[in-house]
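Reading through the structure tokens given below for one structure.
The values are calculated or read from the model by the stated rules, or taken from the named source; none is laboratory data. These numbers come from a predicted model, not from an experiment. Cβ sites come from the backbone with ideal geometry, for glycine too, and all protein chains shown count toward neighbours. Surface areas here come from the heavy atoms of the whole protein model, side chains and all, with no ligands, DNA or RNA. Shrake-Rupley method; radii C 1.70, N 1.55, O 1.52, S 1.80 Å.
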Amino acid sequence: MDLRSLIPLTYLIAAVTFVLGLKGLSGPKTAVNGNRIAAAGMLLAVGATFFDVEFQSYGTTGLLVTAAGLVVGGAAGFVGARLVKMTAMPQMVALFNGAGGGAAALVSILELMRGLGGAGVTPGETITSMLGLIIGAVSFSGSAIAFGKLQGLITPRAFKYGGQQIVTSVLFGGMIVLSLLLTASVASTVGVPQLAVMTGVALLALLFGVALVMPIGGADMPVVISLLNAFTGLAVAAAGFVLGNQLLIVAGTLVGASGTILTRLMSKAMNRSIANVLFGAFGAAPAGGGEVGGPMRADDGRTVRETTAEDAATLLAYARNVIIVPGYGLAVAQAQHNVRELADLLESRGVNVVYAIHPVAGRMPGHMNVLLAEANIPYEKLMDMDAVNPEFPRADVALVIGANDVTNPAARSTKGSPIYGMPILDVDKAQQIIVIKRSMKPGFAGIDNDLYLDPKTQMLFGDAKEAVAKLVAGVKAS
Amino acid sequence: MSTEAIVGLYVFVLAIFVGFEVISKVPSTLHTPLMSGANAIHGIIVIGAMLVSAAVGGPLGLLLGFFAVVLGTANVVGGFVVTDRMLAMFKQKPGQRK
């Protein structure tokens with residue numbers, strides 16, 4: 001028996017590991033192993049591909065190109081993934097997703113070039129290749145923009161311009177027309193410069209990805225990345241059809257389908273429909289007059305009350321129940337270890353401390369749990385929104401550390417607000433509220449927070465890490 | 001339609017159902033790691049990249065092939081490593097915390 005006949009079997013095993021991996025990743029106990037099982041399956045599949053007849057027909061050239069690509073890509077991926085800060089995880093996922101989309105587009109391009117270059121290609125294969133190319137390229141450039149927005153390289157605000165729909169429609173229509181033109185030319189040898197048309201489609205698809213993501217505000221990026229992740233899956237599946245490779249079809253479709261579900265779950269956690277994210281004007285809301293520091297006084301005369309670390313520490317030290325509400329500010333300042341120290345200190349004084357985790361605290365669902373776990377904060381202490389909201393009225397102090405939009409009562413009460421309807425943490429129901437924040441700047445959604453004007457709220461301005469360290473010193477002294 | 005295309009279509013449709021079913025009820029804590037893990041899985045495109053790496057040839061063809069492998073590998077390796085880091089909190093800690 002030719003050992004090569006085992007390759008499809010190896011691919012089947014890999015496909016099974018991917019299903020098991022996804023299944024594992026959806027439960028806390030099985031997640032770590034799920035990820036590793038899928039990685040093992042991946043390694044197996046790549047190893048088997050070295051023995052593929054087609055691959056071996058390329059001889060040394062194919063081997064050299066592949067080896068060089070594996071080394072360069074592997075090193076870039078590994079180093080990037082190891083070095084990235086926990087706070088920058090979301091944009092890193094966007095980057096890797098874009099890489100996958102780009103790879104899928106290139107695979108479709110190369111297979112089409114081979115067909116057009118003399119190997120022969122049917123109209124059906126052409127359409128499938130164009131699908132893989134378009135979806136992959138959209139995912140590539142869209143992910144790049146999402147990365148840029150989260151990294152702060154481009155404005156995270158929704159970028160709106162006149163004639164936006166026209167531009168998007170023209171780009172979309174152009175891709176379709178050119179793709180059909182290419183298919184027609186394959187079918188009946190109509191004289192068009194085929195490679196030029198293909199390149200045109202690729203460029204239009206890249207522009208379309210940019211046009212798709214630019215008008216979406218930074219706060220919605222998690223949903224966008226998840227959606228683009230599903231896109232890449234579909235592009236991979238399309239490439240699988242082009243190459244006649246079942247494993248690519250299975251893996252790509254799995255990600256496409258589960259990614260769609262996940263996108264829906266995420267947008268539901270933020271109480272927004274996917275269509276709303278894609279076409280809404282979330283980030284475009286007027287942002288408190290535009291002054292850099294934000295207003296210290298509301299129009300109706302309510303003012304922001306500032307406090308000192310000593311006063312805040314005393315409040316905490318003599319409380320019975322404290323709920324800590326961590327947000328992106330904590331993540332940026334890397335204050336999780338100081339927060340743990342403060343919580344330990346309070347607990348040693350008999351204060352009951354829990355953490356309230358909003359589903360999208362930080363920048364992404366689950367992001368905050370990762371950071372707090374890094375500081376060895378026990379998992380049982382982390383309460384999710386539905387469990388913790390009824391606890392706020394019983395809390396003596398709610399300590400908000402660098403969280404903003406997820407605590408904004410406007411989501412409950414102000415119909416016109418862009419975040420109206422978003423589920424929030426009911427921080428304003430606590431007896432006393434201490435907010436640690438660097439300045440009065442609005443949060444990611446670009447809107448002011450009514451919580452800061454609440455008479456029960458005291459603001460402790462400063463970097464989260466320094467402020468918490470001062471609180472620790474203050475509690476020790478009291 | 002060719003048999004290969006039909007088989008592919010079967011696989012495609014069935015995989016849609018598996019994909020939908022396999023991740024019902026995910027706690028929101030796991031949304032990001034799950035997305036990241038799925039992200040790594042579509043890195044399987046790297047084997048597609050290998051299979052076309054030298055299909056076209058010539059400087060441009062080989063360059064495109066090289067980039068396809070680079071991007072695919074970065075997707076796989078980066079995706080799995082990042083996911084593993086995200087899942088740190090679910091790992092068993094030897095000897096419990098101090």
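The contact between chain B and chain A removes approximately 7800 Å² from the accessible area (both sides summed; 1.4 Å probe; ligands, DNA and RNA excluded).
Placing a pseudo-label 7 Å from each Cα along the Cα-to-Cβ vector at A:ALA184 and A:SER273 gives an inter-label distance of 3.6 nm. A straight Cα-to-Cα reach below 19 Å connects A:LYS465 with the lysines A:LYS85, A:LYS437, A:LYS441, A:LYS476, residues fewer than 8 places away in its own chain not being considered.
Which shape class applies to the stretch A:77-220: rounded if a/c is under 1.5, otherwise prolate when a/b exceeds b/c and oblate if not, where a ≥ b ≥ c are the square roots of the Cα gyration tensor eigenvalues? Oblate, because a/c is 1.5 or more while a/b does not exceed b/c.
Taking the longest Cα principal axis of chain B as reference, the axis of helix B:31-41 is set at about 30 degrees.
Mean sequence separation of contacting Cα pairs (under 8 Å, at least six apart), scaled by the length of chain A, corresponds to a relative contact order of 13 percent.
The relative contact order of the stretch A:3-279 comes to 19 percent, based on Cα pairs under 8 Å that sit 6 or more residues apart. Overall, the stretch A:3-279 carries a charge dipole of about 920 debye about its Cα centre when +1 sits on the Cβ of Lys and Arg and -1 on the Cβ of Asp and Glu, all other atoms neutral. In the stretch A:3-279, a dipole from Cβ-located charges (positive for Lys and Arg, negative for Asp and Glu) runs towards its positive end, and of A:LEU203, A:ILE37, A:THR66 it is A:ILE37 whose Cα lies farthest in that direction.
Could you work out how much longer the chain between A:VAL177 and A:ALA477 gets when fully extended? Use 0.36 nm per residue separation minus the Cα distance between them, nm to one decimal. Once the chain is fully extended between A:VAL177 and A:ALA477, it gains 100.7 nm. Each of A:VAL16 and B:SER24 was given a label point 7 Å from its Cα along the Cα-to-Cβ line. The distance between the two points is 2.4 nm. Taking R0 as 41 Å, what's the FRET efficiency between A:VAL53 and A:ASN33 from their Cβ-Cβ distance, rounded to 0.05? About 0.75, to the nearest 0.05. The Cβ shell under 11 Å around A:VAL213 holds other residues with a net charge of 0, Lys and Arg each +1, Asp and Glu each -1. Each Cα pair under 8 Å and six or more residues apart adds its separation to the average, and for the stretch A:321-478 the resulting relative contact order is 27 percent.
Here the spin labels are modelled as points 7 Å beyond Cα on the Cα-Cβ line, and at A:LEU3 and A:HIS337 they lie 5.0 nm apart.
In terms of its C-alpha gyration tensor, the stretch B:30-88 comes out prolate, because a/c is 1.5 or above and the ratio a/b outweighs b/c. Within the stretch A:127-199, the trypsin sites (Lys or Arg not before Pro) that combine a DSSP coil assignment with at most 15 other C-beta atoms in a 10 angstrom radius are A:LYS160. Count Lys and Arg as plus one, Asp and Glu as minus one, and take only other residues whose Cβ is under 11 Å from that of A:ALA312; the net charge is then -2.
Decide, for the stretch A:363-439, between rounded, prolate and oblate: order the square roots of the alpha carbon gyration tensor eigenvalues as a ≥ b ≥ c, take rounded if a/c falls under 1.5, and otherwise choose prolate if a/b is larger than b/c, else oblate. Because a/c hits 1.5 or more and a/b exceeds b/c, the stretch A:363-439 counts as prolate. Using a 7 Å offset from Cα along Cα-Cβ at B:VAL7, what residues in the stretch A:227-249 end up with backbone N under 19 Å from the label point? The answer is A:237-249.
From the P(r) of chain A, can you give the percent of Cα pairs sitting at distances over 28 Å? Roughly 58 percent, rounded to a whole number. Divide by every residue of the protein assembly as shown the summed helix terms, -39500 (n - 2.57) for each DSSP H run of at least 4, and state the resulting mean residue ellipticity at 222 nm, rounded to the nearest 500 deg cm²/dmol. Taken over the protein assembly as shown, the calculation gives -20000 deg cm²/dmol.
In the stretch A:3-279, one over the average inverse separation of all distinct C-alpha pairs is 19.9 Å, which is the Kirkwood hydrodynamic radius. Between 0 and 90 degrees, rounded to the nearest ten: what's the tilt of helix A:164-188 against the longest Cα principal axis of chain A? Rounded to the nearest ten degrees, it is 20.
Taken one residue at a time, the phi angles of the stretch A:417-431 give Karplus couplings (6.51, -1.76, 1.60, θ = phi - 60°) of 5, x, 9, 4, x, 5, x, 10, 7, 7, 4, 5, 7, 5, 5 Hz. Gly and Pro are set to x.
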